[in-house]
Amino acid sequence: MRRASAPQEEPQHNSRIAALFITLLIGLSTTLSLTMLVNLPARLDALRRVESEAQRLSRVVQCEEKTLAGLQAAMEYARSNAFVEQWARQHHRTQPGEVLVIFPQDTTAPPSPWWAPFVGKACDDSAGR
């Protein structure tokens, strides 16, 4: 008679193990889900901050690239004969056979840096902050 009852106990034992496994699986998935939901707002906030900083740095890089291009153009011009000629004229140098004539200058306007015509408008400070 024991043989007849033994097969009935095995399915009950297997069903208890399966129920325990399913309960454990549901508990583990619930714990992981709650952990992820608790961290979600902090992660979304960090993502927004990183994206904002990436956009700001992209604007800074674009501004600096424009400045670099302007300075490279100024450097090329400074190496040219036209610049040497202009500098000599501004500093009252003459070539053989020329006569120097100096006219009074308007001193009301402040002087601009020598690279200003090449760079154009400087980047505003708001892009760097």
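The values are calculated or read from the model by the stated rules, or taken from the named source; none is laboratory data. These numbers come from a predicted model, not from an experiment. Note: ideal-geometry Cβ built from the backbone for every residue, glycine included; neighbour counts use all protein chains shown.
Worth a mention:
- Of everything in region 46-84 that is β-branched (Val, Ile, Thr) and farther than 18 Å from Ala116 by Cβ, the residue that is surrounded by the most Cβ atoms within 10 Å (Cβ to Cβ) is Val60.
- Failed criterion for Asn39 (all others in (1) at pLDDT 85 or above; (2) more than 22 Å from the chain's Cα centre (by Cα); (3) among the polar types (S, T, N, Q) hold): (1)
- Test: residue in region 18-31 that is assigned to a helix (DSSP H, G or I), at pLDDT 90 or above and closer than 30 Å to Ala116 by Cβ: no
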